[in-house]
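Just so you know, all these numbers are worked out from the coordinates, no wet-lab data involved. Everything numeric here is computed off the predicted structure, so don't read it as measured data. Reconstructed Cβ throughout: ideal geometry from the backbone, glycine too, with neighbour counts over all protein chains shown.
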Amino acid sequence: MGLWSHILGALVRSAHKFSHSRQRSRAVLFLPPEAARGPSDLSWVAPLVPTLPSQNAPRVPRGLSPNAKILEKNLPWLNEKWARLHRQREAGAPSAQIQWFFEEVTASQRDKLHELGVSLLSGPPTTGQAADLLGLFEPASAEQKELLRYFKVSLSGMNAARAKLEVATLLADPRKKERWATRKATPMQKEFYRYFNLKPPANLTVAQAKTFMRTYVETVPEAQWAEWEAYERMYTALNAPEARKQGGRKKVSVTRYRSAIAEVKKAGRDLTVMEVEAVLRKLLEHPPTLQRPE
């Protein structure tokens, strides 16, 4: 091992010792040893110590606060990403992303990190570092989740920052980008055509359906469009992965959903004020069962 690898190893050991001596309320982030190639790099790989106040925080395994556990779980990919961008910058790679990443942290970012109790031992973070750190504490967007599910990426422990990286990595592959752009229309997009008594085109894609729906809304009376939005919203809520997992339910097909809505409407319920629970109760009244076997 080289001199700098030994030094970095000592830093890791001493930082961990220091971290655990503070009631284990800190998590320490390091770049991989191969990133340390000299004194200038050591200033870059100085450990990240998110200072997480343990006062009034609930007790968790190993004495780490919830925020510290989130940081600890995301250390590997953060290290890898930051080291890669640093190497690209040192190599002089022209990139708007790299230029933005290394800009000075904004006042807003600094304030939000302070609220979370997160700081860098090496000094103020860059704009990009701050964005990554803040994104660890935000949920992935619906659009990000849709793409990740399509490519069968696990959403367990997913956050906005990690989702952004995963999405960028997937779409950097030309074949995957093409697959995503030309994927078949969703069942609810096809249902849109049926709902308004239209025939969907053959081989309809998601992008084509979205474009048509944006245009068609201009021709639909406001009250009817409000009903469609309620119809679509309840279907989405019923089939949300989190809700299905919590209720131990299978996914509801569009056909069964359409029938349940019709039955609830017969009871005099208007779509725009209809509750998801009423539709679910109707669905559970008829076989096949939606409940997953225990």
Output the relative contact order of region 187-285, whole-number percent, from Cα pairs under 8 angstrom with separation of 6+ residues. 26 percent
Under a crude label model (7 Å from the Cα following the beta-carbon direction), how far is Thr236 from Thr255 in nanometres? 2.5 nm
Under the 0.36 nm per residue contour assumption, what length would be gained going from the current alpha-carbon distance of Glu277 and Lys164 to full extension? 37.3 nm
Assuming R0 = 30 Å, can you tell me the calculated FRET efficiency for the pair Glu146 and Leu121, based on Cβ-Cβ distance, to the nearest 0.05? 0.20
Starting from the 7 Å offset along Cα-to-Cβ, what nm value, one decimal, do you get for the label separation of Ser95 and Thr215? 3.8 nm
Just to be sure I follow: if Rg is taken over the C-alpha atoms of region 187-285 and Rh is the Kirkwood radius over the same atoms, what is Rg/Rh? 0.98
Nearest-0.05 FRET efficiency for Glu72 and Ala243, computed from C-beta distance (R0 30 Å): 0.55
Less than 14 Å apart at the alpha-carbon level, and either on another chain or at least 8 residues along: which aspartates and glutamates does that give for Lys251? Glu242
List Glu218, Glu72, Glu275 from most exposed to least, where exposure is judged by having the fewest other Cβ atoms within 10 Å. Glu218, Glu275, Glu72
Env charge @ Met158, Cβ radius under 9 Å, K,R +1 / D,E -1, value +1
Magnitude of the Cβ-charge dipole of region 187-285, K/R +1 and D/E -1, about the Cα centre, nearest 20 debye? 540 debye
Taking the Cβ of Gln97 as the centre, find all other residues whose Cβ is under 12 Å away and add up their charges (Lys, Arg: +1; Asp, Glu: -1). +3
Go through Thr219, Ala185, Val153 and say which Cα lies farthest out towards the positive end of the charge dipole of region 139-240; charges sit on Cβ, +1 for Lys and Arg, -1 for Asp and Glu. Val153
Cα-Cα over 20 Å: which of Lys152/Lys282; Lys177/Lys250; Lys152/Lys176? Lys152/Lys282; Lys177/Lys250
Taking 0.36 nm per intervening residue step and subtracting the Cα-Cα distance, what contour gain separates Arg292 from Glu103 on full extension? 63.0 nm
